[in-house]
């Protein structure tokens, strides 16, 4: 860890405001050599605001605690795919959150972070028999995706030496419709996820399947993430709550005791405002399914993007500037390798771009339309087109906020561009900034090894 005092925050020495913390962090990153020309010649760094992540976790737990009777079992499981970094999982574990994993790799990360099996949920539409066997042996919660997977679990439980320790549920596709981003909408009529609830005969089959298996005690649903509005999410949860009630009535007892409502809270990428909030999410759920909040069911949530996205920051050096066809272009080191979705689908995933000078201070000057380009070798590697910013020059910095989920956390290896270092930062009393390395930058030797460098003669 290193610390730096960066004066000049607009909101005072404690910099409680996220934007002020960001400005302090950019300047401190330059002064400490994390990015910029300097001796290390670092063109790119990624930051995570640890205070912001903790605040999001606290807002999530508080919103549900305020709406539920005391003692109601609740597990908030962070969707590891949103930010698969062991130190982040460890940080959230300390804030009381578990992990939702969707692969053997993500499970390995959760275990490396010290997250207990009892606070881990396994979701995936393609679980192998080995993955299922391991989860059931460890006591990890499992959400079954389809009839063939259910048959596998039937066989594993029948062959197990003792009673199953894992909470086991069925993932239900309520088929309530798509949001504005089709690729992220998982409750459509033909979604690849879960048991389709509205297909002919499906509901009756699901009720019977749960009644016949005493170890099926949960239902799970997830309508999607970015682009899915709160009313649509709430309708999916209402539908699955009604199914739980129907199953329990058919069983003559409370067979389903927990509803996993997934995550999916959208994130506002247009400003620093957090909108919608977890409180608004809970209010929408309570209006749609009030019975879910009377304490008769335990709850599991699986939020990802909304916990970390607003707290990530990419800082990249402007290497060159040029003008082509009367359009100014700033060539930077941040592009498709960090913001893959933005580059390939810019209309759906636009990002904000902030301009700083080489000292890490916000740039002044009359804004003009400029393209912000990345380093990859194809024409579409653009973070923004015709974005109005103060004129950029070589040695300046651009910062891309709201990148703490699904951006630099999920590196895309185009052009063998190395993964950048990720540092967490904390603004201390008096305005000092303390950095902690969360992921080291990837050395070129590691890229060579991943590309078969040790087996270079294997095909001769």
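As a summary of the residue check, residue 429 satisfies the conditions (1) crowded, with 19+ Cβ neighbours inside 10 Å; (2) within 19 Å of residue 24 (Cβ to Cβ); (3) touching a residue at least 60 places away in the same chain (Cβ under 8 Å) except for the one numbered (1).
For residue 334, the stated conditions hold: it is out of contact with any helix residue (DSSP H, G or I) (no Cβ under 8 Å at 6 or more places or on another chain), in the same structural domain as residue 399 (by TED's automatic domain parsing) and crowded, with 23+ Cβ neighbours inside 10 Å.
Within the stretch 244-282, the set of residues being surrounded by fewer than 20 Cβ atoms within 10 Å (Cβ to Cβ), within 19 Å of residue 232 (Cβ to Cβ) and without any contact (Cβ under 8 Å) to a residue 60 or more places away in the chain comprises 268, 275, 276, 280. Scanning the stretch 287-311 for residues that are farther than 16 Å from residue 265 by Cβ and either out of contact with any helix residue (DSSP H, G or I) (no Cβ under 8 Å at 6 or more places or on another chain) or not assigned by TED's automatic domain parsing to the domain that holds residue 106 (or both) turns up 290, 294, 295, 296, 298. Taking the criterion of being surrounded by fewer than 17 Cβ atoms within 10 Å (Cβ to Cβ) and under 20 Å from the mean Cα position of the chain (by Cα), the residues of the stretch 348-361 that qualify are 348, 350, 352.
One residue stands out among those in the stretch 395-418 that are part of a loop (DSSP other than H, G, I, E, B) and touching a strand residue (DSSP E or B) at 6+ places or on another chain (Cβ under 6 Å): the one that is farthest from residue 88 (Cα to Cα), which is 396.
The residues of the stretch 419-441 that are over 21 Å from the mean Cα position of the chain (by Cα) and not in a strand (DSSP E or B), listed by number, are 428, 429, 430, 431. Filter the stretch 283-322 down to the residues that are surrounded by fewer than 20 Cβ atoms within 10 Å (Cβ to Cβ), out of contact with any strand residue (DSSP E or B) (no Cβ under 7 Å at 6 or more places or on another chain) and over 16 Å from residue 234 (Cα atoms) and list them by number. Hits for the stretch 283-322 are 294, 295, 296. With (1) part of a loop (DSSP other than H, G, I, E, B); (2) on the phi > 0 side of the Ramachandran plot as the list, and residue 386 as the residue in question, which single condition is left unmet? With (1) part of a loop (DSSP other than H, G, I, E, B); (2) on the phi > 0 side of the Ramachandran plot applied to residue 386, the lone miss is (1). Among the residues of the stretch 380-391, the ones that are exposed (fewer than 14 other Cβ atoms within 10 Å of the Cβ) and over 28 Å from the mean Cα position of the chain (by Cα) come to 2 in all.
Across the stretch 152-173, which residue is surrounded by the most Cβ atoms within 10 Å (Cβ to Cβ) among those that are at pLDDT 95 or above and part of a strand (DSSP E or B)? Filtering first and then ranking leaves 170. The number of residues in the stretch 206-243 being farther than 21 Å from residue 156 by Cβ, more than 27 Å from the chain's Cα centre (by Cα) and either free of Cβ contacts under 8 Å to residues at least 60 places away in the same chain or surrounded by fewer than 17 Cβ atoms within 10 Å (Cβ to Cβ) (or both) comes to 2. Where strands (runs of 3 or more DSSP E) sit wholly within the stretch 297-357, those with at least 2 residues that are within 30 Å of residue 119 (Cα to Cα) occupy 298-301, 312-324.
Under the condition of being without any contact (Cβ under 8 Å) to a residue 40 or more places away in the chain and touching a strand residue (DSSP E or B) at 6+ places or on another chain (Cβ under 6 Å), which residue from the stretch 114-143 is nearest to residue 81 (Cα to Cα)? Result: 122. Hey, any hits in the stretch 186-204 for a residue that's at negative phi and at pLDDT 95 or above? So far as the stretch 186-204 goes, yes, one or more of its residues are at negative phi and at pLDDT 95 or above.
The condition (being surrounded by 17 or more Cβ atoms within 10 Å (Cβ to Cβ), touching a helix residue (DSSP H, G or I) at 6+ places or on another chain (Cβ under 9 Å), on the phi < 0 side of the Ramachandran plot and outside the structural domain of residue 268 (by TED's automatic domain parsing)) is satisfied by just one residue among 399, 410: 399.
Is it the case that some residue within the stretch 363-373 is in a strand (DSSP E or B) and surrounded by fewer than 16 Cβ atoms within 10 Å (Cβ to Cβ)? So that I can check it myself, show each step before the final result.
As a first pass, look at the stretch 363-373 and keep what is in a strand (DSSP E or B): 368-373.
Checking which are surrounded by fewer than 16 Cβ atoms within 10 Å (Cβ to Cβ) leaves us with 368-369.
For the stretch 363-373, residues in a strand (DSSP E or B) and surrounded by fewer than 16 Cβ atoms within 10 Å (Cβ to Cβ): present.
Within this structure, residue 261 passes the test of being closer than 30 Å to residue 404 by Cβ, in the same structural domain as residue 301 (by TED's automatic domain parsing), in contact with a helix residue (DSSP H, G or I) (Cβ under 9 Å, 6 or more places away or on another chain) and at pLDDT 90 or above.
Taking each residue of the stretch 67-80 that is touching a residue at least 60 places away in the same chain (Cβ under 8 Å) and looking for partners that are in a loop (DSSP other than H, G, I, E, B) with beta-carbon atoms closer than 6 Å, six or more apart or interchain, yields 69/295; 72/295; 76/97; 77/302; 78/97; 79/263; 79/302; 79/304.
The values are calculated or read from the model by the stated rules, or taken from the named source; none is laboratory data. Small disclaimer: the values here were computed from a predicted structure and weren't measured. Reconstructed Cβ throughout: ideal geometry from the backbone, glycine too, with neighbour counts over all protein chains shown.
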